[in-house]
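Notes for the one structure printed next.
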Amino acid sequence: MAGNSKPRGAVRGSKKGPTGGTGGKNKRRLEGKGPTPKAEDRPYHAAAKRKKAAEKSTARPRVARGSAPKGEIVSGRNAVLEALRENVPATELIVARSIDVDDRVAESLQLALNHQLQIREVHRAEVEGISPNSQGIILAIKPYQYSSFQEITERASHPMLIVALDGVTDPRNLGAIIRSSAAFGVAGVVMTERRAATMTASAWKASAGAAARMPVAQVTNMARTIDDAKKLGCFVIGLDGESDETLSGMKVASENLMVVVGSEGKGLSRLVREKCDLVVSIPMRATTESLNASVATSIALFWVDEQRRAK
């Protein structure tokens, strides 16, 4: 009778005949299960296996960003030991774990302790990431603090003596010139910022410690700096092996001087040569020979110093 029959699920037709519905029982069975997990969160899914492999690879030792020392480094057992022996300013010594300690490494560690340097022990992969040919040891060098041309002229005594380098590219020549400049009373060394050597570890070693006492300035335009030197009363002398005027014939050694040295290959640039008040050469017995830039500078500075002492 109507109103007395029990409610039944919906009747669906099929090839086997009409069947009854579940009456919502399956819907209630799925309640509380939550959303379907992402593929990478399902343990047996391919995406989950790829995620696990990626996490495993990132856990391997590698150079972390920012862990490499800033500025220049010296790597290799011989190079590091030589730099420490020459008191090249450094910030830290980086050593690979389980490094084979020979006499060079042992002395480097002792020198680092004597200099009160930080010694950092890291995984070998990190050392090789900084320098592949490090042999397990790296020395981080302090960035060189350059002076300005104004600072050099302000500290100069009278008569003033300044050395200017017009395109010297070998850091060992730079270091040797700084060493000679310190020996013969030069107020400071001026060099160009571009296409020139900088104060690397090689320059520090060649200076034999003089770089710590001799101010070095970088300028953007050497010709303009020569003009500034002339305004301060400097007589500008250029060194050039092809000049007919010789160093011994120079009569202005007692004046304020700027001695300009050209590059190892091309010598003085055209504009700088034109700016010089006098260009002189160093006479030699063998006309086919030439002098290294640092050697020529040393001879010129010695001669100027001798003339000044004689006055």
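Close amide H contacts of Ala197 (hydrogens built in the peptide plane, cut-off under 5 Å, sequence separation of 5 or more or a different chain): Val168, Thr169, Asp170.
Convex hull of alpha carbon positions in the stretch 168-311: directionally averaged projected area 8.5 nm².
Label 7 Å along Cα→Cβ of Ala125; the stretch 76-98 residues with amide nitrogen under 18 Å? Within reach of a label on Ala125, which here means backbone N under 18 Å from a point 7 Å along Cα→Cβ, the stretch 76-98 contributes 95-98. Against the empirical 2.2 N^0.38 Å (N residues), the stretch 235-311 has a Cα radius of gyration ratio of 1.04.
Shown in residue order for the stretch 220-237 are the 3J(HN,Hα) couplings computed by the Karplus curve 6.51 cos²θ - 1.76 cosθ + 1.60 at θ = phi - 60°: 7, 9, 5, 4, 5, 5, 4, 4, 5, 5, 5, 5, 8, x, 7, 8, 9, 10 Hz (x for Gly and Pro).
Counted over the stretch 73-141, the DSSP beta bridges are approximately 60% antiparallel. Taking 7 Å steps out from each Cα toward its Cβ at Arg309 and Thr198 produces label points 3.8 nm apart.
Could you tally the net charge around Ile299, taking each other residue with its Cβ under 12 Å from the Cβ of Ile299, Lys/Arg +1 and Asp/Glu -1? Counting the neighbours of Ile299, the net charge comes to -2.
Annotation: amide H-H contacts under 5 Å for Leu268 (H modelled 1.01 Å from N, sequence separation of 5 or more, or interchain): Gly262, Ser263. A straight chain from Glu274 to Gln145 at 0.36 nm per residue would run longer than the Cα-Cα distance by 43.3 nm.
Determine the alpha carbon to alpha carbon distance for each of Lys230/Lys251; Lys142/Lys266; Lys230/Lys266; Lys231/Lys275; Lys231/Lys266; Lys70/Lys142 and list only those over 20 Å.
Lys142/Lys266; Lys230/Lys266; Lys231/Lys266
Looking at the stretch 149-310, the DSSP beta bridges with both ends there are about 5 percent antiparallel. Taking Rh as the Kirkwood radius, which is the inverse of the mean 1/r over Cα pairs, what is the Rg/Rh value for the stretch 167-218? Radius of gyration relative to Kirkwood radius: 0.92. What percent antiparallel are the DSSP beta bridges of the stretch 234-311, to the nearest 5? Restricted to the stretch 234-311, the bridges split so that about 10 percent are antiparallel.
So how many Å³ per residue does the convex hull of the Cα atoms of the stretch 131-178 work out to?
Spread over its residues, the Cα hull of the stretch 131-178 gives 133 Å³ apiece.
Around the amide H of Ser147, modelled in the peptide plane, lie the amide H atoms of Val216, Ala217, Gln218, all under 5 Å away and 5 or more residues distant in sequence or on another chain. Mean silhouette area of the stretch 73-141, derived from the convex hull of its C-alpha atoms and averaged over all directions, reads 3.7 nm².
About its Cα centre, the dipole of the stretch 73-141 is roughly 80 debye, where the only charges are +1 on Lys and Arg Cβ and -1 on Asp and Glu Cβ.
An ellipsoid equivalent to the stretch 148-252, defined through the eigenvalues of its Cα gyration tensor, has semi-axes of 21, 16, 15 Å when rounded to whole angstrom and sorted largest first.
Bear in mind these aren't lab numbers, they're just calculated from the coordinates by the rules spelled out. Being a predicted model, the structure only gives us computed values, none of them experimental. Glycine gets a Cβ as well: all are built from the backbone with ideal geometry, and neighbour counts include every protein chain shown.
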